[in-house]
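All remarks here apply to the structure that follows.
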Amino acid sequence: MIVAAALIVLLPFAAAVAGLLGSRWPGGVSRTEENNLRANRRAAWFAVSAAVAALALTLWLAWQTSGSGGSGDLFWAEFLPGSAEGTLTVIGTGAIPISVGLQVNGLSVLTAILVTVVALAVQVYSVGYLRGDSRFPSYSAFISLFTSAMLLVVFAADLLVLYVGWEIMGLCSYLLIGHWWEDRANSRAAVKAFLVTRLGDVAFLFGIFTLGFAAGSFRIDDIIAANLPTGTLILATMLLLGGVAGKSAQVPLHTWLPDAMAGPTPISALIHAATMVAAGIFIVARLFPLFPQPTLDVLGVLAAIGMLGAALAAFAQDDLKRILAYSTISQLAYMAAALAAGSPNAAIFHLTSHGAFKALLFLCAGAVIHHVGSNLLSHMGGLRRAMPITFWTMTIGFAALMGLPPTSGFFSKDAVVLAIEHSTSPIRLLLYGSALITVGVTGAYAIRAWLRTFFGEEHVQALAEPAPGTAHVFDGREAPRTMVWPISLLAIPALLFGFIGVADMDWPSAAISLLVALLGAGIVYTAWRSAPHADPARLLGPFRAPCEQAFYLDRAYAALIARPILSLARGVVRTDTHVVDGAVRGSARLTIGLSSFAKLAQNGNAQLYVTGLLAGVLLIAVGAVMWG
Amino acid sequence: MHVVYPAVVAALLFSIGVYGVLARRNTILVLMSVELMLNAVNLNLVTFDVWLRDQLHGGQVLTLFVIVIAAAEVGIGLAIVLAVFRNRQSIDLDRLRDLFEPPNSSDPDGSQPAATKVTTGVGPE
């Protein structure tokens, strides 16, 4: 089993190496049109075959671990009770050794299935979405590398090994957001994502160190079994929470995610919706026994703020991808809330179903954007006749996002709300209220995006010039086959995955959240019916501008952090050029000035030199006689 | 004879030699002044050899050495003077100033190698 897990991690890595090195070589190194096409084709084959192999192996692992003899209250332990662990080697560091090892258990297999399914869908989808892009080989190789890193995080048995994957994911995210770096805004978004997540990752690394040094081992099982003192646990988990907030885009480190939508849409689907942002939630679930109540309360407060704020921000956006980005933040906050309520069960359930339906939504949005040539809702409308497949699949996605039965979102969101309702957490009421209101707002923004995209009249116009590298040309047809297939594939889990949780349903509670969601959706629908041309976001009234700007948080960060740091940096540069360099240059000038005095003696007359010598000898002799 | 007389004569000779080395402009005369200084030393050596009644007469032996070396030195010195004269048609010490540092050659970056500055100049004619 461990060999299979290692292969699952290594195959995409090998595909990444092959895609980077082997897609142009041998043959076709020169950048002609024909060679570009061949390189793209070869890169696509590398990436897709590795993704298929990883998916097949993961399914085999699932079959191996499955059984009905499971016990415990965690649903993955119930379905997938098997587990295995293997250590390749132990690296001695002089203090605490690092054991390079993998671990397979129900949680990791479940998450790995999500990752490999979405990765495969995205790889296939990218073939159509980025047809003719000259950097497609590196793009697909980075996706493979990302997949490998995420799977390493999922299967790692040692916190430092996990951290390696964690950081590679951050790197891939940076590289892929900046895929179209010709546009300055894209590369800035990439840098922003990198810096903000790095901020959290520093805290995460120190959290790992705290845990490792307290427990005397970096192996996750050892740490969980170590029975650490509460103070250490609070410190360590608070630090870990920094990394979780950074990667999972939780308040206050969430600001990078909406900007990360500058990347190609499949990347948003894979990294910034389904998998990488789920890594934070996954880590908390993986280390859940370590999290003491105070840390969970902090997480809960952040989640309560984040879910409602992000949902309101999503309601006011005009960019379809930014709506989905804010909705991702909001849904991730749901998972965090479930964790805070003490139920990793519900969190992972929602993580899995959210991974499926959010990837579906993003890929559909990509198809729409590919079709329309614009991200803005105001440029869309009436697309349901032009793109029937996308319409139906995206409808499933939105229904899952709103939590309408029978989609997966209905079951998983109900599990979250139920977990919050039954929790013993001191902030239970805050979480419950926030979750219910957010359910309503989610219904509202989902129905708004749905109506504005697919209904109303068409006002699609072809753009004069496609953006660099993109196929933004309106041709009035459904998206290419390579894009439609993954969408249809992902629609199945988005629709049906929830039924594994049907046994644990609590129907009254589900009915309440359903009613709230329908209420939110209904208000928006009535507003839209009365004026189909106007944006239903006007319902927010005076709050519309703050919501559209995501409550000015970006501006606040710019004013409070970015600008002081920049001016500090400018001050440092000034000090360097004027004080440090000035001192060096000044000392040189001073030496030259002084040397002009010394030069007066050096007039080339040997007799003068001898005179000076004699005078010196005389002085020494007199001195020696007088004081000697 | 009291030791002070030859000592004073030697001191006078040495002083004349020093004056000549420091003040004369003609290179041959400077060489001759050097000889004067050496001879002052010789005189001192002989004097104190006698005065101290040295059994081995080290002072006299050393004097012979000095005379031989002085002869060799004068030979080399005159050869150099001759070579200088052939090159420059002058043996005026005041004009032999190739080691002179030009007053405003301050070049802080050292963009010009210092060696060229010294060797290319023939001295202010």
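Please report the relative contact order for the range A:93-170, taking Cα pairs under 8 Å with a sequence separation of at least 6, and give it as a percent rounded to a whole number.
Over the range A:93-170, the number comes to 42 percent.
Whenever you get a sec, line up A:Ser268, A:Ser488 from highest to lowest accessible area (probe 1.4 Å, protein heavy atoms).
Descending accessible area places them as A:Ser488, A:Ser268.
Hey, what did the range A:1-157 get for relative contact order, percent, Cα under 8 Å, at least 6 apart?
35
When ligands, DNA and RNA are left out and all protein chains stay put, how many square angstrom of accessible area per residue does the range A:263-548 have with a 1.4 Å probe?
Per-residue value: 32 Å².
Relative contact order for chain A using alpha-carbon pairs under 8 Å, separation at least 6, rounded to a whole percent?
For chain A, the relative contact order is 12 percent.
Relative to the isolated chain, which residues of the range A:591-605 have their accessible area cut by 30 Å² or more in the presence of all protein chains (1.4 Å probe, heavy atoms, no ligands or nucleic acids)?
A:Ile592, A:Lys599, A:Gln602, A:Asn603, A:Gly604, A:Asn605
Per the Kirkwood formula on distinct C-alpha pairs, the Rh of the range A:263-548 is how many angstrom?
18.8
Computed over the Cα atoms of the range A:1-157, what is the ratio Rg over Rh, Rh following Kirkwood?
Radius of gyration over Kirkwood radius for the range A:1-157 works out to 1.09.
Using +1 on the beta carbon of Lys and Arg, -1 on that of Asp and Glu, and nothing else charged, what's the dipole of the range A:558-627 about the Cα centre, debye to 20?
320
Using θ = phi - 60° and the Karplus form 6.51 cos²θ - 1.76 cosθ + 1.60, what ³J(HN,Hα) does each residue of the range A:359-367 get, whole Hz, x for Gly and Pro?
3J(HN,Hα) across the range A:359-367, in whole Hz: 4, 4, 4, 5, 5, 5, 4, x, 5.
Hey, got the Cα dimensions of the range A:558-627 along the principal axes, in Å, largest first?
Projected onto its principal axes, the Cα set of the range A:558-627 covers 76, 34, 9 Å.
What part of the accessible area of chain A, given as a whole %, is carbon or sulfur when the probe is 1.4 angstrom?
70
Can you grab the distance from the C-alpha centre of the range B:31-64 to the C-alpha centre of the range A:285-349, Å, no decimals?
Using only Cα atoms, the two centres lie 107 Å from each other.
Using only Cα atoms and rounding to the nearest 10 degrees, what angle (0 to 90) does helix A:320-340 make with the longest principal axis of chain A?
Here the helix axis deviates by roughly 90 degrees.
Roughly how large is the A-B contact in terms of buried accessible area, totalled over both chains, probe 1.4 Å, nearest 100 Å²?
It comes to approximately 1200 Å² buried between A and B.
Note down the Stokes-Einstein diffusion coefficient of the range A:153-267 in µm²/s, whole number, using a Kirkwood radius over alpha carbon pairs, 20 °C, and 1.002 mPa s.
Answer, rounded: 144 µm²/s.
Give me D for chain A in µm² s⁻¹, whole number, from Stokes-Einstein with Rh from the Kirkwood sum over alpha-carbon pairs, 37 °C and 0.692 mPa s.
Approximately 124 µm²/s, per Stokes-Einstein.
Cα atoms only: what Rg and Dmax, in Å, come out for the range B:4-96?
Cα radius of gyration and Dmax of the range B:4-96 are 15.9, 52 Å respectively.
The values are calculated or read from the model by the stated rules, or taken from the named source; none is laboratory data. The structure presented is a predicted model; accordingly, all values stated were derived computationally and were not measured. No Cβ is skipped: glycine too gets one built from the backbone with ideal geometry, and neighbour counts run over all protein chains shown. Surface areas here come from the heavy atoms of the whole protein model, side chains and all, with no ligands, DNA or RNA. Shrake-Rupley method; radii C 1.70, N 1.55, O 1.52, S 1.80 Å.
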